[in-house]
Structures are given as C-alpha cells and as structure tokens.
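Heads up: the structure comes next, in structure tokens.
The values are calculated or read from the model by the stated rules, or taken from the named source; none is laboratory data. Nothing here was measured: the structure is a model prediction, and the numbers come from that model. Glycine gets a Cβ as well: all are built from the backbone with ideal geometry, and neighbour counts include every protein chain shown. Calculation scope for accessible area: heavy atoms of the full protein, side chains included, ligands and nucleic acids excluded. Shrake-Rupley method; radii C 1.70, N 1.55, O 1.52, S 1.80 Å.
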Amino acid sequence: MNPTGICNLIIILGISGDLARKKIMPTLWTLYNKDLLPNNSHVIGFARSNLTVASLRDKVTPHVNLKNEAEQVKYDRFWMKHVEYVRTGSGTIDEQYASLNQLIKDKYELKFARCNRLFYFALPPHVYSDVAKAIKHNAIAHKGAWTRLVLEKPFGSDLESSNNLSTQLSALFSEDQIYRMDHYLGKEMLQNILPFRFANQVYEPLWNRKSIESVEILFKESFGTYGRGGYFDKFGIIRDVVQNHLLQALVLVAMDEPSTLSAQDVRNQKVKLLKSMRTLVKDDVVLGQYVGNLRSAKHEESRFGYVDDPTVSNSSQTATYSLTILHIDNDRWRGVPFVIRAGKAMDLNQIEIRIYFKTYPNLYSSNDNGEDPQNILIMRIQPNEAILQRMRFKRPGIENELLESTMSLIYSDKFKNADIVDAYERLLLDIFQNSQVNFVRTDELEEAWRVFTPVLHQIDAGEIKPYHYEFGSSTLKEGDALLIKYGLIGLI
Ligand code: NDP
Ligand code: BG6
C-alpha cells in the first residue's frame with residue numbers, strides 16, 4: 001500500500017514532568033475536543049520513566065475538566081487512539097533519538113506520505129542543547145515534512161548564557177523552526193493590545209510623552225513560591241516573570257505600529273523598541289522578599305516566609321518582589337517612566353497594564369496647578385479581563401460637582417458566550433499554522449537580556465538586597481521613595 005496523506009506527530013520530550021501533565025496534555029486534549037487539532041495528529045510521549053499510557057493518563061486527568069458523558073467518551077478515544085508512550089532506551093542520547101526515528105518510520109511513515117514532527121521540550125533547560133543536537137542528527141522529518149522545536153523559558157539566565165544557547169540552536173535549526181514560548185503572548189488581553197491601539201482612532205494621538213505621564217505593568221500573585229524553591233531560588237522574580245512575560249506586555253504597549261501583522265514586521269518593531277530601551281540601572285530597582293504573616297488567617301501558606309520553604313536556604317537573598325523603572329529613548333517615550341511592579345505572596349491576584357495620563361490646568365481644575373485626579377486607562381490581563389478608563393464626570397443631580405468614576409468594559413459581562421481560550425491553546429495552534437508572531441525571536445531575546453543583565457549580576461553579587469514584606473502585603477513600602485523621585489505620586 002502506498003503511503004498517503006499527512007500526519008502530525010507531537011513528540012513531548014519529558015512527558016513525565018509537571019509542565020506536560022498540567023499544561024501540554026490538557027491543552028492537546030482541549031484542542032482535540034474542539035476538533036482543532038490537525039487531522040492525523042498523534043502524541044508521542046518520550047521520557048526515561050517507566051510509564052504506560054494508562055499511568056500517564058492518571059497523571060493528566062486531575063488537570064482536565066470533563067463536562068459530560070460525550071466528552072468522557074471522546075477523552076477515552078483521545079488516549080486510546082492518539083497517545084502513545086515511548087521510553088528512552090539506556091543507550092547514548094544519539095541512540096535514543098535514532099530509535100525514536102525508527103519507530104516513527106515503521107509506525108507512521110509507512111502509512112502516511114509525510115509526517116511533520118513537532119518536538120516539545122518539556123525538559124530541564126540544561127539539556128536543551130544536547131537534545132536539539134540529537135534530534136538534528138537522528139530524528140528530523142524528511143520527504144517535505146517539517147520539524148519544529150518548542151522551547152519553554154527560561155532561555156538562559158543572562159545575556160551570555162542565552163546567547164550561547166541561541167548560537168547552539170541556530171547552528172542546528174533555522175529561526176523559523178524554533179518556537180520560544182512565552183505564554184503571556186497567548187493571553188487574551190495581550191492579544192488585544194495592538195488591535196485596541198491601532199484599530200481605534202481615539203488613543204493613538206495621545207499615546208506618547210505629551211499626554212502620558214507613566215506606564216505601569218502590575219503583577220501581583222496572592223500565593224508564594226512554596227515547593228518551587230528548587231527552581232525559583234536560582235532565578236528570582238526578575239528572571240521569572242519580569243524579563244519575559246511583563247516585558248512582552250510593556251513592548252506591546254510601547255512599540256510603533258508594524259507595517260503588517262506578519263511575524264517579521266511585528267517582531268521587527270518589537271526589536272526596534274527594545275533597542276531604544278536603556279539598560280536598567282541599580283538606582284531604578286527596589287527588591288523585596290516575603291516573610292511569614294502570623295497574624296493573617298487567610299490561608300495556611302501565608303504563615304510561611306520565602307525562606308521557610310525547605311527547598312530554599314535560610315540565608316537566601318532571592319527577590320520575590322521587584323519594582324523596576326525602565327526608560328525608552330525615542331521620540332514617543334523620552335522622559336516617560338515605565339514601571340514594572342511584580343510580587344509573589346501579595347494581597348491579591350491582579351495583573352494589569354495601567355496608563356497614567358498627564359493632568360493640565362483646566363476649567364474644572366481643583367487648583368491653579370491642575371493637580372487633579374489623573375485619567376487612568378487600565379487593561380486588566382487577569383483575573384477577569386477588562387478595559388477600564390478612570391475619568392471625571394459631573395455628578396448627576398442639581399449641583400455642579402465633579403466626581404471620578406470608571407467607564408468599563410468587563411469581558412465576562414460584555415462577551416458572555418465568548419470562548420476566551422487559554423494561552424497555551426492559542427499558541428499550540430499557532431505552531432501548527434506556522435505562525436511565529438506570538439513567539440520570541442532570537443534578537444528580541446538578546447535585547448531583553450541586554451536590558452536586565454547588568455542589574456541581575458549586581459543582584460547575584462549581593463549588591464542589591466531585598467527588603468522584607470509580609471505575606472499578603474499590598475505593596476513594598478520601600479519602593480515609594482523611588483516612585484516619588486520620578487514624581488509618580490499616583491502610583492503610591
Ligand atoms: P520537570 O523537572 O518536571 O522535568 C520534566 C521531565 O524532564 C522530567 O519528568 C524528566 O523525565 C525529564 N528529565 C529530567 N532531567 C532530565 C535529563 N537530564 N535528561 C533528560 N530528561 C530529563 O520540569 P517541568 O515539567 O516543570 O518543566 C519543563 C520545562 O518547562 C522546563 O524547562 C521548565 O523551566 C519549563 N516551564 C515549566 C513550567 C511549569 O509550570 N512546570 C512553566 C513554565 C516553564 P524522565 O525522568 O521521565 O525522563
Ligand atoms: C510562570 C512563572 O512563567 O508564569 C510563574 O514561572 C508564574 O512564577 C506564572 O506564576 C504566571 O503565569 P499565569 O499564566 O499563571 O499568570
């Protein structure tokens with residue numbers, strides 16, 4: 001029988017791990033359930049552990065929500081017909097990938113004319129380079145099929161290590177085969193930043209230093225890092241979320257309009273913006289580390305400080321909170337501070353972009369200096385996506401009083417039946433569709449590390465120490481002096 005048709009192999013390396021169990025497999029199931037996976041898609045889990053499809057399924061199922069019996073039946077079919085587990089042999093890494101290749105040839109390439117291969121690296125970053133090499137030498141697709149690699153952050157830990165990894169990867173695979181995943185780029189509100197800015201005529205004329213006083217990216221999580229110390233203690237909050245997720249949000253807010261929405265044009269504009277960003281300096285950084293809050297009855301975890309985690313040393317100086325102020329030296333933004341505040345173990349879960357507009361004296365000013373409440377545009381990333389505009393209005397009634405209120409577009413109210421897809425769903429589909437617009441390009445990554453690396457090295461050398469804050473705090477009060485230095489009273 002002549003092989004016909006195309007199959008798509010999703011090869012999950014390290015499928016026994018946390019990411020595969022909690023994110024990748026549940027997302028693949030969701031795409032399958034919505035009939036969004038390309039035809040003839042098959043998952044091949046590849047790892048060293050002694051597993052079976054049934055034991056893998058047991059690990060994944062707690063992270064999946066099956067709504068009814070029909071879904072249950074489809075879920076059974078997904079596991080029975082579309083997932084297999086292959087244990088890496090005991091040979092060298094080249095032998096392991098050669099035997100994976102043989103299996104693909106025997107099982108799939110005899111049947112299908114072309115078998116695309118998507119290798120998902122759900123592996124510790126220190127093995128990325130050796131695994132990429134073994135794939136290149138033993139397991140790439142042929143006969144016109146494609147090979148793509150999906151890599152998860154962290155992409156290095158500073159400019160040098162990231163550049164080394166990029167150099168090793170680019171010697172093996174071309175840029176259009178490498179998908180560096182920053183899942184924030186798949187979130188609904190980040191997807192909305194460019195349309196909101198450029199499909200409307202309202203804000204773009206104001207979107208610059210003449211009208212905007214400052215921009216803030218705020219990230220608060222109400223839980224700590226308990227149990228993740230093994231990873232987090234080496235990285236800290238700046239490497240964990242600021243240099244990647246939050247910087248991506250900032251770049252989308254600040255970049256110029258791309259000439260098209262192609263991956264090339266959008267990412268060219270992002271890189272142009274990043275190149276205008278000044279390297280962060282020590283004076284523009286304040287760090288914090290949370291301590292246990294014995295008075296709070298909120299939840300058990302809040303009694304423990306960062307260093308109470310058994311996987312963290314008692315003397316750790318790793319920051320769980322950072323306030324950083326970035327500057328963009330271009331005509332649009334010169335003089336406008338970009339503030340990123342990010343903290344674990346805070347009072348709330350709240351991730352927002354906030355644009356603070358300047359105030360000028362006017363007919364309704366409360367004093368001659370025009371020191372009125374600021375108009376603030378808020379794009380809430382999560383929870384519960386929303387766009388909110390703080391404005392001044394006439395209070396309804398006979399008096400001519402002003403009041404401050406919010407014009408709001410709350411997604412859950414406005415778009416009741418909308419399917420707000422999970423970031424991983426969108427990004428996995430992008431990979432099948434060969435769309436790299438939501439993935440991080442090598443030069444973009446290099447610029448992102450260039451901005452943060454000198455300060456990260458100073459932090460690593462103990463030159464910037466974290467202040468303590470209690471679990472459940474709303475802010476780090478030691479950051480106020482820096483905000484005052486920039487006249488950012490509205491952020492206090
Ligand atoms: P794990 O530490 O759980 O590792 C995943 C799997 O990799 C393990 O189950 C193990 O499988 C395999 N593995 C471990 N060491 C080696 C090795 N030396 N050689 C080959 N295989 C090895 O990691 P996660 O699943 O948590 O994360 C995977 C990647 O995703 C990491 O790069 C992480 O930084 C990134 N990431 C994870 C997130 C998460 O939520 N977990 C979030 C964002 C990024 P076995 O022993 O069976 O071979
Ligand atoms: C991860 C970080 O990349 O992003 C975590 O390692 C963080 O520390 C997480 O909690 C936040 O992602 P989300 O999608 O839960 O907001």
Just how far, in whole angstrom, is region 67-128 from region 334-404 if you go by their alpha carbon centroids? 50
Quick check for me: using +1 on Lys/Arg Cβ and -1 on Asp/Glu Cβ, what's the dipole size of region 6-152 about its Cα centre, in debye to the nearest 20? 240
Taking amide H positions as placed in the peptide plane 1.01 Å from N, state which residues far from SER473 in sequence (5 or more) or on other chains have amide H under 5 Å from it. ASP347
So with the 1.4 Å probe, I'd like the accessible area per residue for the chain, rounded to whole Å². 45
Which of PHE432, ALA141, THR279 sits farthest toward the positive end of the charge dipole of the chain, with +1 on the Cβ of Lys and Arg and -1 on the Cβ of Asp and Glu? ALA141
On average over all directions, what projected area in square nanometres does the chain have, based on the convex hull of its Cα atoms? 27.6
Take every Cα pair under 8 Å in region 6-152 that's 6+ residues apart, average their separations, divide by the length, and report that relative contact order as a whole percent. 33
Dipole check, the chain, charges on Cβ (K,R +1; D,E -1), about Cα centroid: among VAL242, ALA418, LEU31 the Cα furthest to the positive pole belongs to LEU31
Could you tell me what percent of the DSSP beta bridges with both partners in the chain are antiparallel, to the nearest 5? 50
For region 246-252, what does the Karplus curve 6.51 cos²θ - 1.76 cosθ + 1.60, with θ = phi - 60°, yield as ³J(HN,Hα) per residue in whole Hz, taken in order and with x for Gly and Pro? 7, 5, 4, 4, 4, 5, 5
So if I place +1 on the C-beta of Lys and Arg and -1 on the C-beta of Asp and Glu, and nothing else carries charge, what would the dipole magnitude of the chain be about its Cα centre? I want it in debye, nearest 20. 1020
Considering the options GLN102, VAL150, GLN191, tell which one lies farthest towards the positive end of the dipole of region 63-206, charges being +1 on Lys and Arg and -1 on Asp and Glu at the Cβ, about the Cα centre. GLN102
Of the trypsin sites (Lys or Arg not before Pro) in region 46-81, those whose Cβ has at most 11 other Cβ within 10 Å and which sit in DSSP loop: LYS67
Can you sort ILE140, ILE431 by 1.4 Å-probe accessible area, starting with the largest? ILE140, ILE431
Beyond a 28 Å Cα-Cα separation, which of these cross-linked pairs lie in this structure: LYS275/LYS414; LYS220/LYS414; LYS153/LYS210; LYS133/LYS275; LYS67/LYS416; LYS187/LYS344? LYS275/LYS414; LYS153/LYS210; LYS133/LYS275
MRE, 222 nm, helices only [DSSP H, n ≥ 4, -39500 (n - 2.57), over the chain, to nearest 500]: -9000 deg cm²/dmol
Given charges at beta-carbon only (K, R positive; D, E negative), |dipole| of region 355-404 in Debye: 200
Given a 1.4 angstrom probe, I'd like the percentage of the accessible area of the chain that is carbon and sulfur, rounded to a whole number. 51
Taking all protein chains together and a probe of 1.4 Å, list GLU463, GLU352 from the most accessible to the least accessible. GLU463, GLU352
Hand me the trypsin sites (Lys or Arg not before Pro) from region 164-238 located in a DSSP loop with no more than 13 other Cβ atoms within 10 Å, in residue order please. LYS210
Residue by residue through region 333-342, the couplings from Karplus 6.51 cos²θ - 1.76 cosθ + 1.60 with θ = phi - 60°, in Hz, x for Gly and Pro, are 10, 3, x, 9, x, 9, 9, 10, 10, 9
Enumerate the aspartates and glutamates that LYS59 could reach by cross-link, defined here as Cα to Cα under 13 Å, with residues fewer than 8 away along the same chain left out. ASP18
Taking all protein chains together and a probe of 1.4 Å, list THR4, THR279 from the most accessible to the least accessible. THR4, THR279
For VAL43, which sequence-distant residues (separation of 5 or more, or a different chain) have an amide H within less than 5 Å of its own amide H, given hydrogens modelled in the peptide plane? ILE10, VAL83, GLU84
